[in-house]
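Peer 1: One structure, as C-alpha cells, below. Some questions next.
The values are calculated or read from the model by the stated rules, or taken from the named source; none is laboratory data. Please read all numbers here as calculations on a predicted model, not as lab measurements. We place every Cβ from the backbone using ideal geometry, glycine too, and count neighbours over all the protein chains shown. When the accessible area is computed, the model is the full protein with side chains, heavy atoms only, and any ligands, DNA or RNA have been set aside. Shrake-Rupley method; radii C 1.70, N 1.55, O 1.52, S 1.80 Å.
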Amino acid sequence: VEELAQIKSTYGDRRRTLIVEARKGKGRKAAPLLTAGDLTPEKETWVVVTDDGLISRTPTARQPRLTGRSAPSLLIAAGGRVTLYLFEARGTGAAVAVHTLPECDDPKDGIPVARATPFTEGEQVVAGVALPPERSQLPPEACLLLGTFRGMLKKTPLEALPGPSSKPFVGINVGEGDVVGWARITLGEQELMLVSSSGQAIRFEEDEVRPMGLAAGGVMGMKLDE
C-alpha cells in the first residue's frame, strides 16, 4: 500500500489522452469509432475451408496447394480487413471478420468452422464471398447471388447483409431436398449462365432476377428434369 501511494504521489498527474466519442454538432461531423479491424494490416490472403470442416487463412498472398487429396473444398481470396460471408448447405449464412481467422501455412492446421463462426458443429460450409469494408467501392446495384443445385436463384442487396456477428442469418430458404451450391457478387449489369449436368444451359440478364430480402426463397433460374 505504501509503495502504491508513493507511485501515485510521484506519477499521478492528469491523463494526457482524452478518450471521447465525437458526436455530430454545429460545424462538425461525427468521427467514426476505431475498431480492431482498422488496426489490422491490409494484406492479401486466402481463406481456406477443408473437406473435414477446418478453416484458416494463409499468412501471405501465395495460394495453397490445389492438387491431390489436400485440395480444399472452398478457397476465397480476401484482404485482411474484409468481411467473409459463408453459407452452409441449407442456406444459413454467417458473417466473419477475416482478421479473426487463424493464420496457417498448412490448411490441416486450421480450426473447426464451428469455433470460428456462428455455425454449429456438423454444418457444412459450401459457399462464400468476401466483401471489402468500404462497400462504396462497389456500384449501388451490387448484390449477393446465391444458387442451389435445383436451379433456384436468390439475389439480395449488399446493404441488407449484416456485419460480423456471433449470430447466423438466413441467406436463402431452400426447398426440401435442395442445397446451396454457389455464392457470387453481381454488379447490376451482368449476365447469368446456368449449366445442367446433362449439358443444357440458359443465359439471361441478371436484372431478370429481382432483388429480395434475406428471408425470401428465391426464384427459379432453370427448370431441371427429375
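Peer 1: Within the chain, how many Lys pairs that are eight or more residues apart, or on different chains, come under 29 Å at the alpha-carbon?
Peer 2: Lysine pairs, 8 or more places apart or on different chains, close enough: 7.
Peer 1: Compute the accessible area per residue over segment 51-152, keeping the other protein chains in place, probe 1.4 Å, unit Å². Each step should come with its number before you reach the end.
Peer 2: Numbers: 5120 Å² over 102 residues.
Normalised by residue count, the accessible surface of segment 51-152 is 50 Å².
Peer 1: Would you mind putting 154-160, 193-199 in packing order, based on average other-beta-carbon counts within 10 Å, highest first?
Peer 2: Working: 154-160: 18.1, 193-199: 10.1.
My ranking of the peptides, most packed first, is 154-160, 193-199.
Peer 1: Something else: Can you run phi through the Karplus equation (6.51, -1.76, 1.60; θ = phi - 60°) for segment 148-157 and list ³J(HN,Hα) in whole Hz, with x for Gly and Pro?
Peer 2: In residue order, the calculated couplings are 10, 6, 9, x, 7, 10, 9, 10, 10, x Hz.
Peer 1: Positive end of the charge dipole of segment 76-226 (Lys, Arg +1 and Asp, Glu -1 on Cβ, about the Cα centre): tell me which of ALA142, GLN200, PHE169 has its Cα farthest that way.
Peer 2: Checking the options against the dipole of segment 76-226, the answer is PHE169.
Peer 1: Then there is this: May I have the extent of the alpha carbons of the chain along their three principal axes, as whole Å values ordered from largest to smallest?
Peer 2: 83, 51, 32
Peer 1: What full-extension length gain, to one decimal in nm, is calculated for THR60 and ALA215 as 0.36 nm per residue of separation minus the Cα-Cα distance?
Peer 2: On the way: separation 155, 0.36 × 155 = 55.80 nm, distance 3.66 nm.
Value of the extension gain: 52.1 nm.
Peer 1: For THR17 and GLU3, calculate 0.36 nm times their separation in residues minus their Cα-Cα distance, and state this gained length in nm to one decimal. Provide the component values of the computation, followed by the final result.
Peer 2: Numbers: separation 14, 0.36 × 14 = 5.04 nm, distance 2.54 nm.
Gain in length upon complete extension: 2.5 nm.
Peer 1: Once the other residues with Cβ under 11 Å from the Cβ of GLY217 are scored (Lys, Arg +1; Asp, Glu -1), what is the net sum?
Peer 2: Details: positive: LYS154; negative: ASP178.
Here the count lands on 0.
Peer 1: Now, a different point. Which percent of the accessible area of the chain is formed by carbon and sulfur heavy atoms (probe 1.4 angstrom)?
Peer 2: Values: 7580 of 14840 Å².
Summing carbon and sulfur atoms, their accessible area is 51 percent of the total for the chain.
Peer 1: Another question, then. Mind listing the phi-derived Karplus ³J(HN,Hα) values for segment 212-226, rounded to whole Hz, using 6.51, -1.76 and 1.60 with θ = phi - 60°, and x for any glycine or proline?
Peer 2: Taking θ as phi minus 60°, the curve returns 9, x, 5, 7, 6, x, x, 10, 6, x, 7, 7, 10, 5, 4 Hz for segment 212-226.
Peer 1: Between GLU141 and LEU75, what's the calculated FRET efficiency when r is the beta-carbon distance and R0 is 25 Å? Round to 0.05. Walk me through the numbers on the way to the answer.
Peer 2: Values: r = 27 Å, r/R0 = 1.08.
The calculated FRET efficiency here is 0.40.
Peer 1: Tell me the label-point distance for the pair ILE111, PHE149, using the 7 Å Cα-to-Cβ offset, in nm and rounded to one decimal.
Peer 2: According to this spin-label approximation, the distance is 3.0 nm.
Peer 1: Could you check the simple spin-label distance between GLU42 and GLU205, using points 7 Å along Cα→Cβ, in nm with one decimal?
Peer 2: The modelled label-to-label distance comes out at 3.5 nm.
Peer 1: If you plug each phi of segment 54-65 into the Karplus form 6.51 cos²θ - 1.76 cosθ + 1.60 with θ = phi - 60°, what whole-Hz ³J(HN,Hα) values come out, in order, with x for Gly and Pro?
Peer 2: These are the phi-based 3J(HN,Hα) values: 9, 10, 6, 10, 6, x, 10, 7, 6, 6, x, 4 Hz.
Peer 1: From zero up to wherever the largest Cα-Cα distance of segment 173-225 sits, split into 10 Å bins and tell me the percent of pairs in each.
Peer 2: Each 10 Å bin holds this share of Cα pairs: 18, 54, 27, 1.
Peer 1: Which whole number of Å³ per residue matches the convex hull of the alpha-carbon atoms in segment 66-193?
Peer 2: Numbers: hull volume 16.8 nm³, N = 128.
Once divided by residue count, the hull of segment 66-193 is 131 Å³.
Peer 1: Can you give me the angle between helix 2-11 and the longest principal axis of the chain, using Cα atoms only, in degrees from 0 to 90, rounded to the nearest 10?
Peer 2: Approximately 80 degrees, to the nearest ten.
Peer 1: In addition: Tell me which residues come under 5 Å, amide H to amide H, from ALA97 once H is placed; ignore anything under 5 positions away on its chain.
Peer 2: LEU84
Peer 1: Give the long-range amide H neighbours of GLY181: residues separated by 5 or more places, or on another chain, with amide H under 5 Å away, using H modelled in the peptide plane at 1.01 Å from N.
Peer 2: GLY147, THR148, PHE149
Peer 1: Students often check this: by mean Cβ neighbours within 10 Å, which of 117-128, 80-91 ranks highest, and how do the rest follow?
Peer 2: Numbers: 117-128: 17.8, 80-91: 21.8.
For the peptides 117-128, 80-91, the packing ranking is 80-91, 117-128.
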